[in-house]
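Let me begin by presenting the structure, written as structure tokens, before commenting on it.
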């Protein structure tokens, strides 16, 4: 009977990590979401992104405002001589004036508004880039916790099989009762590990649900594998160039620098005052007394008025200086960001290479040898060559190393997420 039980245990352990990685809990009657679907849903329903998209109306309104002409001014002037004893004398004047923007101010203000809109678009794209990276990391966190639950289930199954063997051997008088008690403790420890794994899984699911903007009672059902690793086919120099060309935050600062140029041009134009032209129609009524006879005379006049401030003291020197300082600041931040982007790509690329090295060690040396050691220890215990402590220790080693392998797979996926976020490019083709 003991041989049969351990044979079943060996059959369960031979597939090892392959079975663990392929077992993903799936809820019935629920849509199973792949990584691209999760990202798309998150970008469409993330509260922060939704509110930021609504701000586009502010930039559009700014562009409309920049292209508007100044409103004309209506002037009405009424005069009477009633208060000075000349009630027959009065005057009425109607005038309209219009301010004309000189030095191409309207076009330069429109150019400024367009640069602002460009900046907003790139800032939104950068927020989406960062949000996508955060969602990817949360996605792989959920997959890792799912696989840890599956690993804990396998640990419970193996501990139960060991307990069955100890009961049979105790009944046969081959072992003391202490060994059965140790097997029971090991089973309880495995069940406790499963509870902890489920707790971590719920926390990871809650985080992903929040990023996706799901209701509190909804949990995403995911489709994906940790052991699908995307090889790096591009050099670090090529990835740096991709980042320089595609990073939205770099594009946003480039647009900000362009806005600085437009701001300087507009500030210089603001130093030239605008011309105001007005047209006035006046009616004046006067009274004349000749030989005791009072007569009235009404005269109509049309006048034109031109006015312009004299730029004697204020030629918008402060505005030009301020615009140049802002442009210099944006240029300095752009240079610093480009250096940071190169450094970020290098770090993420090195992280992927390190993860590949660790995974290679697990796959070629650690995992196959560990499974062989566990089989040999089980067989030795069945034959009475080793005690139960050796079996328990080997089982602990197997599952600790298996958990380390899952962590290494997760770290490789996170390293790729960081690299894709740094480069702003889907190196995996968006497939999971």
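A quick yes/no check of all residues on (1) closer than 21 Å to residue 380 by Cβ; (2) assigned by TED's automatic domain parsing to the domain that holds residue 408; (3) out of contact with any strand residue (DSSP E or B) (no Cβ under 8 Å at 6 or more places or on another chain); (4) at pLDDT below 85:
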{"site": "168", "(1), (2), (3), (4)": "yes, yes, yes, yes"}
{"site": "183", "(1), (2), (3), (4)": "yes, yes, yes, yes"}
{"site": "186", "(1), (2), (3), (4)": "yes, yes, yes, no"}
{"site": "194", "(1), (2), (3), (4)": "no, yes, yes, no"}
Seminar exercise, completed: Just one listed residue, out of 68, 101, is under 43 Å from the mean Cα position of the chain (by Cα) and surrounded by 15 or more Cβ atoms within 10 Å (Cβ to Cβ), and it is 101
For this session: Please specify each residue of the stretch 169-181 satisfying the condition of being surrounded by fewer than 17 Cβ atoms within 10 Å (Cβ to Cβ) and within 21 Å of residue 155 (Cβ to Cβ).
Result: 181
Problem set entry | Meets criteria (modelled with pLDDT under 95 and assigned to a helix (DSSP H, G or I)) for residue 299 | no
For this session: Determine the pairs where a residue that is closer than 29 Å to residue 88 by Cβ, located within the stretch 296-321, has a partner that is assigned to a helix (DSSP H, G or I) with Cβ atoms under 6 Å apart, the partner being 6 or more residues away or on another chain.
Result: none
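Which of the residues that make up the stretch 213-239 are over 15 Å from residue 417 (Cα atoms) and outside any loop (DSSP other than H, G, I, E, B)?
Selection gives 221, 222, 236, 237, 238.
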For this session: Could you figure out which of (1) surrounded by 19 or more Cβ atoms within 10 Å (Cβ to Cβ); (2) touching a residue at least 40 places away in the same chain (Cβ under 8 Å) isn't true of residue 377?
Result: (2)
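To keep it simple, each residue is scored yes or no on (1) over 20 Å from the mean Cα position of the chain (by Cα); (2) crowded, with 17+ Cβ neighbours inside 10 Å; (3) at pLDDT 90 or above.
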| position | (1), (2), (3) |
| --- | --- |
| 205 | no, yes, yes |
| 208 | no, yes, yes |
| 214 | no, yes, no |
| 220 | no, yes, no |
| 225 | yes, no, no |
| 228 | yes, no, no |
| 232 | yes, no, no |
| 237 | yes, no, yes |
| 243 | no, yes, yes |
For this session: Output the residue which, of all residues in the stretch 85-113 that are free of Cβ contacts under 8 Å to residues at least 60 places away in the same chain and assigned by TED's automatic domain parsing to the domain that holds residue 268, is farthest from residue 38 (Cα to Cα).
Result: 106
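Determine which member of the set 208, 242, 253 is assigned by TED's automatic domain parsing to the domain that holds residue 400, touching a strand residue (DSSP E or B) at 6+ places or on another chain (Cβ under 9 Å) and assigned to a helix (DSSP H, G or I).
Details: 242 fails: touching a strand residue (DSSP E or B) at 6+ places or on another chain (Cβ under 9 Å); 253 fails: touching a strand residue (DSSP E or B) at 6+ places or on another chain (Cβ under 9 Å).
When all the criteria are applied, what remains is 208.
Residue-wise test of (1) over 48 Å from the mean Cα position of the chain (by Cα); (2) over 16 Å from residue 99 (Cα atoms); (3) at pLDDT 95 or above.
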residue: 270; (1), (2), (3): no, no, no
residue: 288; (1), (2), (3): yes, yes, no
residue: 312; (1), (2), (3): yes, yes, no
residue: 316; (1), (2), (3): no, yes, no
Exercise. Pairs, please: C-beta under 6 Å, at least 6 apart or cross-chain, first residue buried (at least 17 other Cβ atoms within 10 Å of the Cβ) and in the stretch 332-360, second not in a helix (DSSP H, G or I)?
Worked result: 341/247; 352/232
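The values are calculated or read from the model by the stated rules, or taken from the named source; none is laboratory data. No experiment lies behind these values; they were computed from the predicted model shown. Glycine gets a Cβ as well: all are built from the backbone with ideal geometry, and neighbour counts include every protein chain shown.
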